[in-house]
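Input: a single structure, listed below in C-alpha cells.
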C-alpha cells in the first residue's frame, strides 16, 4: 500500500477529504479520513470517512442512504488533502437535507441560507 | 463581526478553506484560515490564508502574482469549513505551475500526475 504511505498524515493520522459532485461540479462536503478510511473508500468505491466526533469510521450514507459513489480520487501537491469526484445518491449530501453542506453564503456581513431543503431530515433519519 | 464568531474555529483557531474556480468549477486549493485571514479575505476581496508552516498570514499570490479574486464566500453546515468561489489570476493556483493543486489521480494503486505544468515554477518564483 505504498500509495497510502505517500500521504502526509497529520499528527492525528488524518487528511482532509473534499467530495465534489462529478456531474454538477458542486462541492458537497468536507470531512476527514485516516488510512483505514481512505483504504476502504478505494476498495469499496464508496466514501468512508473518519468521524472525529464519534471517533469511528463513518460510512457516508450509513444512516441516510445518501452514499457517495467514488468515481475519482485525487491528491493535492503537499499530499495532505484528498478530492473525491462522486455520484451523490439522492442528490443530498448534507444532514440538513440539502444538496451541499455549503448552503450558506456571506451577504453583507450575514450568513444567508441560499439552498432549499430537498427532504425533511426527519424523513431521512426518523425522529431521533 | 458577528459573522466571524459564528464559525467553529478549531483549537488552533483555524478552519479549512477550499478555493474553487468560479468558471470551470475545478477545485484549486485547500488551505487554512484564522479569523484575521478570513476577515482580510472578505474586506480585500482576495484570498488570504494562514500559513501553518510559516506561521503568518499568506496573501495568496504575494510572490507568484497568482492571486485569487473572491466572488463568493460559503460556509458549511457545521461551520468549520469555508468555500471560496474565485477567479484565479493566471489560471495557475499551484506552486508547481499547474492549474490546480489536485493534479494527481489514483490509478491502479499509483498517484499519477494528470495535469500539465502551465508555467515553469522557476519563471514564477525565480531561482530560489
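Derivation of every value follows stated rules applied to the coordinates shown; laboratory data play no part. Quick caveat, the model's predicted, so the values are computed rather than measured. Neighbour counts run over all protein chains shown; Cβ positions are idealised from the backbone, glycine included.
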What residue, of A:117, A:112, is farther than 16 Å from residue A:32 by Cβ and within 11 Å of another protein chain (Cβ to nearest Cβ)? A:112
Just for region B:1-12: of the residues that are without any contact (Cβ under 8 Å) to a residue 60 or more places away in the chain and within 10 Å of another protein chain (Cβ to nearest Cβ), which one is farthest from residue B:69 (Cα to Cα)? B:2
Restricted to region B:18-27, and to residues that are at the interface with another protein chain (Cβ under 9 Å from one of its Cβ atoms) and touching a strand residue (DSSP E or B) at 6+ places or on another chain (Cβ under 6 Å), which residue is surrounded by the most Cβ atoms within 10 Å (Cβ to Cβ)? B:20
Screening B:86, B:15 for residues that are within 14 Å of chain A (Cβ to nearest Cβ), more than 22 Å from residue A:71 (Cβ to Cβ) and in contact with a helix residue (DSSP H, G or I) (Cβ under 8 Å, 6 or more places away or on another chain) leaves only B:15
Just to verify a result, which residue in region A:53-74, among those that are out of contact with any helix residue (DSSP H, G or I) (no Cβ under 9 Å at 6 or more places or on another chain) and facing chain B (nearest Cβ under 10 Å), is surrounded by the fewest Cβ atoms within 10 Å (Cβ to Cβ)? A:53
For residue B:103, work out the one condition from (1) on the phi < 0 side of the Ramachandran plot; (2) in contact with a helix residue (DSSP H, G or I) (Cβ under 8 Å, 6 or more places away or on another chain); (3) surrounded by 18 or more Cβ atoms within 10 Å (Cβ to Cβ) it doesn't fulfil. (2)
Test residue B:37 against the criterion of being under 17 Å from residue A:109 (Cα atoms) and either more than 10 Å from every other protein chain (Cβ to nearest Cβ) or out of contact with any strand residue (DSSP E or B) (no Cβ under 6 Å at 6 or more places or on another chain) (or both), and give yes or no. yes
Just the residues that are touching a residue at least 60 places away in the same chain (Cβ under 8 Å) and part of a strand (DSSP E or B), please, taken from region B:71-95. B:75, B:81, B:82, B:83, B:84, B:85, B:86, B:87, B:88
Flag if residue A:42 is more than 20 Å from residue B:19 (Cβ to Cβ) and away from chain B (no Cβ under 14 Å): no
Taking the stated definitions as given, is residue A:30 in contact (Cβ under 8 Å) with a residue 12 or more places away in the chain, within 8 Å of chain B (Cβ to nearest Cβ), assigned to a strand (DSSP E or B) and in contact with a helix residue (DSSP H, G or I) (Cβ under 7 Å, 6 or more places away or on another chain)? no
